[in-house]
Amino acid sequence: MSAFDNFKQKYGPWALIAGASHGVGAAFARQLAERGLNCVLVARREDALRDLQQELIERYAVEVRVISLDLAQPDAAVRLIAAVADLDIGLLVYNAGGDPYITRFLDSSTDDWASLLRLNALTVMECCHGFGARMFERQRGGLVLVGSQSALGGIRKLAMYSATKAFALNLGESLWAEWKDHGIDVLNLLIGTVDTPTMRQAMVKLNIKDALSMELPSASDIVTIALHELPYGPTFVHPEDTVGDGAMRQARRAHVIKISAEAAVFIGAD
Ligand SMILES: NC(=O)c1ccc[n+]([C@@H]2O[C@H](COP(=O)([O-])OP(=O)(O)OC[C@H]3O[C@@H](n4cnc5c(N)ncnc54)[C@H](OP(=O)(O)O)[C@@H]3O)[C@@H](O)[C@H]2O)c1
């Protein structure tokens, strides 16, 4: 059996990519379709999703379902889970989550920050719960939370972004600890910078020098690494963990194992 067949058996037959219309999400869809997984593509821009749907069907002969949805809406996860109730989703990639504001905390409204909180925390939690329950039932599957190095500490002009990414990081690492013995792999992919349309547009808007020409890591390279790392989890820090022995990855894994064992003394190991 080939490596792609093994991958499909573990994480197929369907993958759902939340935030698939460009950049990292589209790269995930392409590499998952190449491995033979059928794909559910989710984002707000239906035209872009339809173009990608066509491409995946033509190039990889997989099935593709398009769902146009704003994941920052309060009912987004309920609607998403209902829209794929008939599909066997073995892999969830939650990629949507860039900060559309990039301002100091007081320079955007609490409504704006609440919207980012829903996109990057509440909807993430609800999707992990809904899709995780199905994977847990069959004791097989995978979860990739596309995060950011901003999860590792606070950053000026990225207060809510870094806070929500920290939420997802802790959620993902905890789920890794709970699910690793149940056939479900979890990976937090913490990215430093990656070449996406959102990133380039933000740099132009913020008058960054060389915004369109600055060299950035490619989305497809990062996705290749993520799919390779998925069985190991719980966290991969790009680009740092691509060199040497992956010290950050090792340290985070060791911390989750150690702290889970220590906490079990007080909260139980069940
Ligand atoms: N780019 C970077 O340098 C960088 C650095 C660190 C971490 N990351 C992380 O990598 C991920 C991808 O980043 P990105 O730069 O491609 O930005 P992004 O703005 O999060 O876009 C990613 C995808 O999500 C979709 N999306 C965004 N908001 C959505 C919403 N409210 N509802 C449904 N879909 C939504 C976008 O499509 P539509 O516009 O069609 O909805 C797009 O397909 C994010 O989680 C980000 O935090 C990126």
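The values are calculated or read from the model by the stated rules, or taken from the named source; none is laboratory data. These figures come from a predicted structure and were not determined experimentally. Cβ atoms come from the backbone with ideal geometry, glycine included; neighbour counts cover every protein chain shown. Calculation scope for accessible area: heavy atoms of the full protein, side chains included, ligands and nucleic acids excluded. Shrake-Rupley method; radii C 1.70, N 1.55, O 1.52, S 1.80 Å.
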Largest-first ordering by accessible area, 1.4 Å probe, given options Thr196, Thr242: Thr242, Thr196
Charge context of Ile81, other residues only, Cβ under 15 angstrom, K/R +1, D/E -1: -2
GNM result for the chain, Cα springs below 10 Å: residue of Ser109, Ser150, Ser174 fluctuating most strongly: Ser109
Projected label distance in nm at Asp221 and Arg156, using a 7 Å step from Cα toward the beta-carbon: 2.9 nm
In Hz, Karplus ³J(HN,Hα) per residue of the stretch 66-79 (6.51, -1.76, 1.60; θ = phi - 60°; x = Gly, Pro): 10, 10, 8, 7, 8, 6, 8, 7, x, 9, 4, 5, 4, 5
Residue-by-residue Karplus 3J(HN,Hα) for the stretch 87-93, coefficients 6.51, -1.76, 1.60, Hz, glycine and proline x: 10, 8, 8, x, 9, 10, 10
Nonlocal amide H pairs with Ile89, under 5 Å, H built at 1.01 Å: none
Total formal charge among the other residues, if their Cβ is under 11 angstrom from that of Phe105, Lys/Arg +1 and Asp/Glu -1: +1
Amide H within-cut-off set for Arg65, under 5 Å, with H built and near neighbours excluded: Cys39, Val40, Leu41
³J(HN,Hα), Karplus 6.51/-1.76/1.60, whole Hz, each residue of the stretch 13-20, x for Gly, Pro: x, 10, 10, 10, 10, 8, x, 10
Part-to-part distance (alpha-carbon centres) for the stretch 51-67 and the stretch 213-270, which is given in Å: 30 Å
Net charge over other residues, Cβ less than 15 angstrom from the Cβ of Lys157 (K, R count +1; D, E count -1): +1
Straight-distance crosslink candidates among aspartates and glutamates, where the alpha carbon sits under 15 Å from Lys258 and sequence neighbours closer than 8 are dropped: Glu173, Glu178
Distance between modelled label sites at Ala251 and Asp112, nm, 7 Å Cα→Cβ extension: 3.3 nm
